[in-house]
Each structure stands twice: as C-alpha cells, then as structure tokens.
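I have placed the structure first, in the form of structure tokens, so that the comments after it can refer back to it.
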Amino acid sequence: MNASPRLAGAGRAIRALREAAGLSLRDLAARLHWDKSRLSKYENDQLALSISVIEDLARVLGQRPEVVVLYCLKQRYPRLSLAGSEISTLLDGLIDKLGDNRR
C-alpha cells in the first residue's frame with residue numbers, strides 16, 4: 001500500500017494561519033476552490049492534511065509550506081511550544097526566518 005503521508009491534529013494551526021491572514025472560512029475555502037465544509041473539517045481535525053493540501057494552503061495564505069508544517073507540528077505536539085523551552089525558541093526562530101524569506 002502506497003498511501004500519501006498525512007498530518008493529523010493540526011486544525012487549530014490552520015485556523016490561526018487563516019485568521020492571521022484576515023480571511024474568513026468562506027473566503028479561504030473560495031480561494032482554494034473548496035467548499036467551506038471541507039476546510040471546516042481540516043480545521044476541526046476531522047481530516048488529516050496531505051502534503052498537497054499543505055502546499056495549497058501555503059500558496060493561498062502567502063506562506064512557505066515549511067512554515068505551515070512547523071505551525072502544524074507545534075500545534076500537534078504541544079511540548080514543542082512550551083514557553084521558554086529551547087526547542088520552542090528554535091522553532092519560533094526558524095518560523096520567523098522562513099517567514100522573512102517567503103517563496
């Protein structure tokens with residue numbers, strides 16, 4: 001079986017990125033050419049993110065796919081976001097650096 005890798009449990013990160021871009025659920029879904037219930041399922045962790053979905057979200061949100069993945073991983077694994085932890089500081093720095101070099 002050759003299934004595409006998927007990232008589950010990252011819905012809040014997708015919602016936060018959408019809100020940071022100033023987009024409503026309906027607006028982002030329209031830009032992705034999706035129905036809003038599909039986007040809602042990703043945001044509510046009812047669907048796992050494939051690589052192609054992450055790439056589509058990144059493109060429409062004006063982010064690098066790596067930034068979207070890092071946000072999703074931080075949300076999926078809360079220990080990566082512990083305030084003051086070395087890993088959290090490193091990830092935040094990486095996200096900032098990648099965000100400064102968008103595409």
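The values are calculated or read from the model by the stated rules, or taken from the named source; none is laboratory data. Bear in mind that the values here come from a model prediction, so they are computed numbers and not experimental data. Here the Cβ is made from the backbone with ideal geometry for all residues, glycine too, and neighbour counts use every protein chain on show.
Helices (runs of 4 or more DSSP H) wholly in region 35-103 with at least 1 residues that are in contact with a Lys or Arg (Cβ under 9 Å, 6 or more places away or on another chain), modelled with pLDDT of 85 or more and surrounded by 15 or more Cβ atoms within 10 Å (Cβ to Cβ) - which ones? Walk me through how you get there before you give the answer.
On the way: elements: 36-43, 51-61, 65-76, 86-100.
Helices (runs of 4 or more DSSP H) meeting the threshold: 36-43, 51-61, 65-76.
Within region 48-103, the set of residues being touching a Pro at 6+ places or on another chain (Cβ under 7 Å) and hydrophobic (A, V, I, L, M, F, W, C) comprises 51, 54, 58.
For beta carbons closer than 9 Å, sequence separation of 6+ or different chains, a first residue in region 46-69 that is at positive phi and a second that is of a type outside the set (Asp, Glu), the qualifying pairs are 62/21; 62/102; 62/103.
Contact map, region 76-98: residues that are touching a residue at least 24 places away in the same chain (Cβ under 8 Å) and under 19 Å from residue 9 (Cα atoms) paired with residues that are surrounded by 15 or more Cβ atoms within 10 Å (Cβ to Cβ) and among the small types (Gly, Ala, Ser), Cβ distance under 6 Å, separation 6+ or inter-chain. Pairs shown: 76/10.
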